1. Any residue at all in the stretch 158-176 that is surrounded by 15 or more Cβ atoms within 10 Å (Cβ to Cβ), in contact (Cβ under 8 Å) with a residue 40 or more places away in the chain and either more than 30 Å from M243 (Cα to Cα) or within 30 Å of the chain's Cα centre (by Cα) (or both)?
2. Tell me which residues, restricted to the stretch 107-157, are exposed (fewer than 11 other Cβ atoms within 10 Å of the Cβ) and part of a loop (DSSP other than H, G, I, E, B).
3. Looking only at the stretch 129-172, which residues are at pLDDT 80 or above and of a type in the set (G, A, S)?
4. When residues of the stretch 190-208 are filtered for being over 17 Å from K230 (Cβ atoms) and in contact (Cβ under 8 Å) with a residue 40 or more places away in the chain, how many remain?
Amino acid sequence: MVAITATTTPFDAKDVNDQVNKTISQDGLLMRMAKAKGEQYAAGRGLSNSSIGAEASQRAIVDAALPIASQNAGQAWKSDENRIDRGHQLTMQGNQFGHEKGMANINAQLQKERDQLLHKNSLGMLDAEGLLRLKELGAQSEYQKERDQLLHKNSLGMLDAEGLLRLKELDNQNKASLDQLAQQVVANTHGMYMSTVDKAVSSYNDRYAAVMADNTMKATDKEKLVNNMKTELNSTLNMYQQMYSNISTIKPDWTKFPSASLPGVNVK
């Protein structure tokens, strides 16, 4: 004997048929009145005990339930659409907040860099490259002041078409600065990793040269020691790779830096 498992379709509040079935199953006053009306209609035509009479009674119940079901389904659909709209609005607000937070961070970092360069310049310790960077940051600071003024006017509804266009230009410029700084951070992280690898390999090379130059050691002892050194170096390099791979500034979602993965190094 084969067991048959009954499956039930989840109730869909937006589906009129599901709402009709729900309304009928509740057996409320309106449904009982519709059923009685259908039975009276069938009895008046001598069809009380026939299948036609039963169908007439059922049809009366469905006719009574349909307007209610349609209204409930419409309300459920509208509620679902409102929920989706709210979700979209929250997502947009979150994206906007993230953008504004990023802009605030980049401006804070640029201002910090500018203050440091100004301090060095006051001590007469700034080279030509530093002076050029200070000039760039000074211009950036002026752009930021202009942008803040335009944003304030816009919040008061006092910004004309020309002002809106200028505000858009400044936003694009700030975004470019944010992207540039983010890429510099990622490049620095990659550079730190490669520098760490280089130091580990250089240390190995120095130790290897010292072992090979030691005339008091047997060849078999040298080979054994070098193999141990290789194992130690590979373990260290793997540790560095894993460690730097977990730094957020190396990951794809940090920036558009061409490579977000670190090259592994292994000594044979």
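1. Yes - at least one qualifying residue is present in the stretch 158-176.
2. L123, G124, M125, D127, L156, G157 - these are the residues of the stretch 107-157 that are exposed (fewer than 11 other Cβ atoms within 10 Å of the Cβ) and part of a loop (DSSP other than H, G, I, E, B).
3. S155, G157, A161, G163
4. The total comes to 4.
The values are calculated or read from the model by the stated rules, or taken from the named source; none is laboratory data. Predicted model, so just to flag it, every value in this text is computed and none were measured. Methodologically, a virtual Cβ is constructed for each residue, glycine included, from the backbone with ideal geometry; neighbour enumeration extends over all protein chains shown.
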